[in-house]
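The values are calculated or read from the model by the stated rules, or taken from the named source; none is laboratory data. Computed from a predicted structure; not experimentally measured. Counting neighbours? That spans all protein chains shown, and the Cβs are built from the backbone with ideal geometry, glycine included. Ligands, DNA and RNA are excluded from the accessible area calculation, which covers all protein heavy atoms including side chains. Shrake-Rupley method; radii C 1.70, N 1.55, O 1.52, S 1.80 Å.
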Amino acid sequence: MNIKDIIISNNFRYKKSLGQNFITDMNLLRAVAADSGAGKDDTVVEIGAGAGGLTLALSEAAGKVCAFEVDNSLESILKETLKDCANTQVIFKDVLKMSDAEIAEIAGESFCVAANLPYYITTPLIMRFLESSLGVKSLTVMVQKEVAERITARHNTKEYSSITLAVDFYADAEIKRIVGRNMFFPVPNVDSALLKLTVVPDKYKVKNKEKFLKFLNSAFYMRRKTFANNLNAVFGLEKEKIGQILSDCGYSQSIRGEALAMADFLKLYERIF
Ligand code: SAM
């Protein structure tokens, strides 16, 4: 039986509140598994197994799969879809409520993440894994196309935003493929993109990581305001002092955060603090 038939024969009712838009095309799912780069030596953590289509493709490609799913009513469907997947374990838990230690106990010290993410928690899920102390090698995640464009944006574009910088701090981001809305069921009202985030440990060396992340975030505190104004609002720094440092570093005193690339932020952080 194919996955569509398994879903129908189990009378499954999709829950919009859990972001349940499933993919059942095994060609696409095998391509997603290949894009994740996971091989037989790798463990993959999947977030949101759904009816198990991606789980099945990952189990063919990887050494071990630990798939988390919050919806217990998918248990009988997953049993059927994954009946031949000896290397796969489904854990019925909300992954956002699990500690690093609980995840590491199940998945081990080092793993890849792959998922067709529920739209409503895309950013918290991505940041939860990037910011953790877990040995995450990469995240290959299906997200709303606009979110993928924001995460991979360059400075001086309207897509460039605080999430671009927050993700860039931890990982290299690339869009692997665009996936039209008709590949999902129920069909959502947005297209998707497969985003691959390759984690680069200690990508940027900065003193006081939390303060630097707050500094990056402050650039977009109020998008239409100048960077100096935003730094004043967030850190209480004197506008004149920031203006002088901007000039000394060769920037306009009225420059906005969206015009600065990561290398600029690194230089200015060093000078300002
Ligand atoms: N992987 C399947 C696929 O590609 O067809 C399902 C993807 S569907 C977009 C997202 C899945 O994530 C749903 O099955 C939903 O129940 C599950 N989910 C939502 N929130 C979750 C959470 N906090 N922890 C674990 N699973 C979650």
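In table form, for the structure just shown:
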read-out	value
For the stretch 3-199, the spread of Cα positions along each principal axis, largest first, Å	51, 37, 28
Distance between the stretch 217-272 and the stretch 93-120 - C-alpha centres, whole angstrom	36
Kirkwood-based Rg to Rh ratio, the stretch 154-202, C-alpha trace	1.08
Å² per residue, accessible surface of the chain at 1.4 Å	48
Rounded to whole Å, sorted largest first: equivalent-ellipsoid semi-axes of the stretch 1-73, Cα gyration tensor	22, 14, 10
Cα-projected label distance for Lys83 with Glu131, points at 7 Å along beta-carbon direction, nm	4.3
Straight-distance crosslink candidates among lysines, where the alpha carbon sits under 18 Å from Lys176 and sequence neighbours closer than 8 are dropped	Lys137, Lys145, Lys196
Sparsely packed GluC sites (Glu not before Pro) within the stretch 178-273, loop by DSSP, other Cβ within 10 Å at most 16	Glu238
Qualifying trypsin sites (Lys or Arg not before Pro) for the stretch 1-93 [loop in DSSP, other Cβ within 10 Å: at most 13]	Arg13, Lys15, Lys40, Lys83
Percent carbon-and-sulfur accessible area, the stretch 124-187, ignoring ligands, DNA and RNA, probe 1.4 Å	48
Under 23 Å from Lys214, Cα to Cα: lysines that are on another chain or at least 8 residues apart	Lys158, Lys203, Lys205, Lys225, Lys239, Lys241, Lys267
Mean Kyte hydropathy of -0.5 or more with a Cα span along the axis of at least 20 Å, helices from DSSP in the chain	none
nm² value of the averaged projected area, convex hull over the Cα atoms of the stretch 106-190	6.4
Viscosity 1.002 mPa s, 20 °C: Kirkwood-radius Stokes-Einstein D of the stretch 153-268 over Cα pairs, µm²/s	135
DSSP-assigned coil residues among trypsin sites (Lys or Arg not before Pro) in the stretch 103-189, each with at most 14 further Cβ atoms within 10 Å	Arg154, Lys158
Charge dipole of the stretch 3-199 about the Cα centre (unit charges at C-beta), most positive-ward option of Cys66, Thr88, Gly50	Gly50
Shape parameters for the stretch 170-225, alpha-carbon atoms, Rg then Dmax in Å	17.0, 47
12 Å reach of a label modelled at Ala233, 7 Å along Cα-to-Cβ, counting backbone N of the stretch 247-273	257
Kirkwood Rh in Å, taken over the stretch 209-272 so that all alpha-carbon pairs contribute	11.4
